[in-house]
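The values are calculated or read from the model by the stated rules, or taken from the named source; none is laboratory data. Small disclaimer: the values here were computed from a predicted structure and weren't measured. Because the Cβ atoms are built from the backbone with ideal geometry, glycine has one as well, and the counts that use them run over all protein chains shown.
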Amino acid sequence: MENKQLIDLAKDQLNRVLGFFPRVDAKISVLLSVNIAMLALLAGKAPLKELQWNSTPALVAFLALALIALSLIFLYQASFPRLTGGRNSLLYFREIAKRKEAVFIDDFSQQPEEAFLKDVLSQVWRNSEILKQKYDYIKYSFVVIICALPPWLIALAMFTSMNLESQPQLLK
């Protein structure tokens, strides 16, 4: 195959890989919303005045909070993957930004087809690696948030019960 054909195939492959990033970011947004909603509901139901910090409801709530926090850490890691690599690349934004504008234009314009092909393929590989890390962290976040559901639901039930018991009875 000629270099021009390989370059076209490599660019198509790079675009295909880059096309998955919006899907990952959408999943991050949904999971982040779920995490925040769970935290907000738990905090809103917590009977802070009646809650004893060494009680079963507090311990169950703490377990739920710890798991939700771990899920948030995984989401953070998915949102901000390691971006190292691409040394001297004329396609990788961080390497391009290190150059002066005129130097980048000259370097890009004067590169041989073989070097461009290798640079595109290097970007395919590195972006695939970053994408894999993002998906892995989303998976971990999802698994942890599923594990957080039982203690979260139990804590909500306990808090609701405690809130009902502390309410004055309405006179009939």
Has the range 90-107 got at least one residue that is under 30 Å from Ala155 (Cβ atoms), aromatic (Phe, Trp, Tyr) and in contact with a Ser or Thr (Cβ under 9 Å, 6 or more places away or on another chain)? no
Asp107: passes all of (1) in contact with a helix residue (DSSP H, G or I) (Cβ under 9 Å, 6 or more places away or on another chain); (2) surrounded by 13 or more Cβ atoms within 10 Å (Cβ to Cβ); (3) free of Cβ contacts under 8 Å to residues at least 24 places away in the same chain but (1)
Listed by first then second residue, the pairs whose first member lies in the range 66-82 and is closer than 15 Å to Ala37 by Cβ and without any contact (Cβ under 8 Å) to a residue 24 or more places away in the chain, whose partner is hydrophobic (A, V, I, L, M, F, W, C) and crowded, with 21+ Cβ neighbours inside 10 Å, with beta carbons under 9 Å and at least 6 positions apart or on separate chains, are none
| query | Hey, does the range 113-123 have a residue that's of a type in the set (S, T, N, Q) and assigned to a helix (DSSP H, G or I)? | reply | yes
Could we say that Phe142 is closer than 24 Å to Asn3 by Cα and at pLDDT 90 or above here?
no
Here the residues within the range 65-91 that are modelled with pLDDT under 90 and closer than 25 Å to Lys27 by Cα are Pro81, Arg82, Leu83, Thr84
The range 1-102: helices (runs of 4 or more DSSP H) wholly inside it with 2 or more residues that are surrounded by 17 or more Cβ atoms within 10 Å (Cβ to Cβ) are 3-18, 21-45, 56-79
The condition of being touching an Asp or Glu at 6+ places or on another chain (Cβ under 6 Å) and closer than 30 Å to Leu63 by Cα holds, among Ser141, Ser166, only for Ser166
Counting only residues that are among the basic types (Lys, Arg) and in contact (Cβ under 8 Å) with a residue 12 or more places away in the chain, the range 1-35 contains a total of 3
